[in-house]
Amino acid sequence: MTDTPAQPAVEPSPTTAPPLPPAGVTAVPAPTAAEVVWFFDELLANGVDIEALLDRTAAFVGAEVGAVLGGLATPAGTARPEGSAFRAITSGSGAGAANGGGAGAESPSGEVWTTLADEHLAGIVLERLAVAVRVIARWSAMRQDAAPRPIDVIVDRAAPQGARDIALEQLGLTHDALVRFVVCTGPADDIETLIERLAGERIIARTTHEARTVLLLAAPESGGIDIVGVPVGMRAAYGHTVPARQASVGFMNACDTHRFSRPSPTDLGPYRGMEAVWLNGARTSPLGALAHLDPSYIALLPDVQKLERLAERHGDRILHVLEAYATTDSMRKAAVLVFMHHNSVLYWVQKAEAELEYSLAEPYQRALLFISLCLHRIWRDQD
């Protein structure tokens, strides 16, 4: 048997060799248009971020891809290769045309690109990629807008402790840092004026809670806050000093105190206690417990109903007179507080005694009257 001599190996002709994929990119079969659509739909359904979108797209098409959004390139530091196909990302409902955009396209807010050699496939991929990038960017912005601000987290008693710890760190506060809250209501310009008058205080953050402006202040000491005045018509109060880890307690105290405040009668102080302007929660915290009673229960209390009837017949002035009398030990001292003759005070007190059906001559009865007046104010100031 004659051995057949081995044939020498034939080197493939350079003209017939398959093209090599770009460095670092594995060659894969070209996907169909339907597969491209399905691929991007699945990624969006799974909620990937832009970096993951680009990584998985590059692996899927077997070519480099990238994006520039808001002036920032992804992957970071990657410039669009010269000669690569690209497509503008617009801020409107559609994406611009490939390789520069088309007629009627809106101002681009970025672009996507690919080194994919197949022009037809590149156009399909870029069209879907531009839409996916825009959708993901919008989702990210919406999540950021929806995320609670740190100040809103630390005042929320239902927030997990871990979330509060993170929020305190974001605010630059340790657990033991002393803070307090200011709560105010009024026109926006007046609120800004009040904030300017707090220039001596360090305002850490601000938010809005149930139509009330809330300020978080650093509190180097537990004393009161001096201010030249509260703009006319504004209601404002501040809470007692608390460690930052108990911010929700301090916030609640400030809100409770605000409910006992009255509109400022003058732009500049000082204010009398009867005027209830710029109240200090450290001095009214026991009364704050009344603010947590059910308003429907308060409305059923006979003395609250009687005080409301007196106000309906004679105006709120009688309530001010009764408060002055309830917090002093004589008609004459009450008269000084409300700028009346003591006989006028006596007249209104007798009106109240007839409605309440008990004498206000004794200190104990006047104390009950004061509590009833506080309950009546809380009932009127329902949130």
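The values are calculated or read from the model by the stated rules, or taken from the named source; none is laboratory data. This structure is a prediction, so every number in the text was calculated from the model and none was measured. Virtual Cβ from ideal backbone geometry, glycine too; neighbours counted across all protein chains shown.
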From the options G273, G250, residue that is small (G, A, S) and in contact with a strand residue (DSSP E or B) (Cβ under 6 Å, 6 or more places away or on another chain)
G250
Which of (1) assigned to a loop (DSSP other than H, G, I, E, B); (2) in contact (Cβ under 8 Å) with a residue 12 or more places away in the chain; (3) over 16 Å from I318 (Cα atoms) does A361 not meet, given it meets every other one?
(2)
How many residues, within region 218-238, are in contact with a Cys (Cβ under 8 Å, 6 or more places away or on another chain) and within 22 Å of I151 (Cα to Cα)?
3
Take region 325-334 and flag every residue that is assigned to a helix (DSSP H, G or I) and either of a type in the set (A, V, I, L, M) or touching a residue at least 24 places away in the same chain (Cβ under 8 Å) (or both).
Y325, A326, M331, A334
Yes or no: H314 surrounded by fewer than 16 Cβ atoms within 10 Å (Cβ to Cβ), more than 18 Å from D381 (Cα to Cα) and free of Cβ contacts under 8 Å to residues at least 24 places away in the same chain?
no
Which one of the conditions (1) in contact with a Ser or Thr (Cβ under 9 Å, 6 or more places away or on another chain); (2) farther than 30 Å from V232 by Cβ does S285 fail to meet, given that it meets all the rest?
(2)
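Residue by residue, here is whether (1) touching a helix residue (DSSP H, G or I) at 6+ places or on another chain (Cβ under 8 Å); (2) farther than 22 Å from L194 by Cα; (3) at pLDDT 95 or above holds:
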residue: V214; (1), (2), (3): yes, no, yes
residue: I225; (1), (2), (3): no, no, no
residue: V228; (1), (2), (3): yes, no, no
residue: R259; (1), (2), (3): yes, no, no
residue: P270; (1), (2), (3): no, no, no
residue: A276; (1), (2), (3): no, no, no
residue: T284; (1), (2), (3): yes, no, no
residue: L293; (1), (2), (3): yes, yes, no
Number of the condition not met by M340 [criteria: (1) outside any helix (DSSP H, G or I); (2) within 41 Å of the chain's Cα centre (by Cα); (3) not charged (D, E, K, R)]:
(2)
Verdict on L322 being in a helix (DSSP H, G or I) and either among the charged types (D, E, K, R) or closer than 25 Å to V232 by Cα (or both)
yes
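If you take the residues of region 233-242 that are among the aliphatic types (A, V, I, L, M) and within 22 Å of the chain's Cα centre (by Cα), which of them is surrounded by the fewest Cβ atoms within 10 Å (Cβ to Cβ)? If you could, list the steps in order and put the result at the bottom.
Step one: of region 233-242, the residues among the aliphatic types (A, V, I, L, M) are 234, 236-237, 242.
Now drop any that are not within 22 Å of the chain's Cα centre (by Cα), which leaves 236-237, 242.
Values: A236: 27, A237: 26, V242: 22.
Per the criteria, the residue is V242.
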Considering residues of region 72-111 that are at pLDDT 70 or above and loosely packed, with under 12 Cβ neighbours inside 10 Å only, the residue farthest from I124 (Cα to Cα):
L72
Taking A334, is it surrounded by fewer than 16 Cβ atoms within 10 Å (Cβ to Cβ), touching a Phe, Trp or Tyr at 6+ places or on another chain (Cβ under 9 Å) and aliphatic (A, V, I, L, M)?
no
Please state which of the following conditions V349 fails to meet, knowing it meets all the rest: (1) in a loop (DSSP other than H, G, I, E, B); (2) over 30 Å from A254 (Cβ atoms); (3) β-branched (V, I, T).
(1)
Hey, can you tell me all the residues within region 286-303 that are loosely packed, with under 13 Cβ neighbours inside 10 Å and either assigned to a helix (DSSP H, G or I) or hydrophobic (A, V, I, L, M, F, W, C) (or both)?
P286, A289, H292, S296, Y297, L300, P302
For region 243-268, the count of residues that are out of contact with any Phe, Trp or Tyr (no Cβ under 9 Å at 6 or more places or on another chain), over 24 Å from C374 (Cα atoms) and crowded, with 20+ Cβ neighbours inside 10 Å equals 1
I need a count of the residues in region 257-282 that are assigned to a helix (DSSP H, G or I) and either more than 25 Å from the chain's Cα centre (by Cα) or not basic (K, R) (or both).
7
Determine if region 184-206 includes at least one residue that is crowded, with 19+ Cβ neighbours inside 10 Å, at pLDDT 90 or above and over 30 Å from V277 (Cβ atoms).
no
Just for helices (runs of 4 or more DSSP H) wholly inside region 105-218: which have at least 3 residues that are without any contact (Cβ under 8 Å) to a residue 40 or more places away in the chain and of a type outside the set (D, E, K, R)?
119-146, 161-170, 188-197
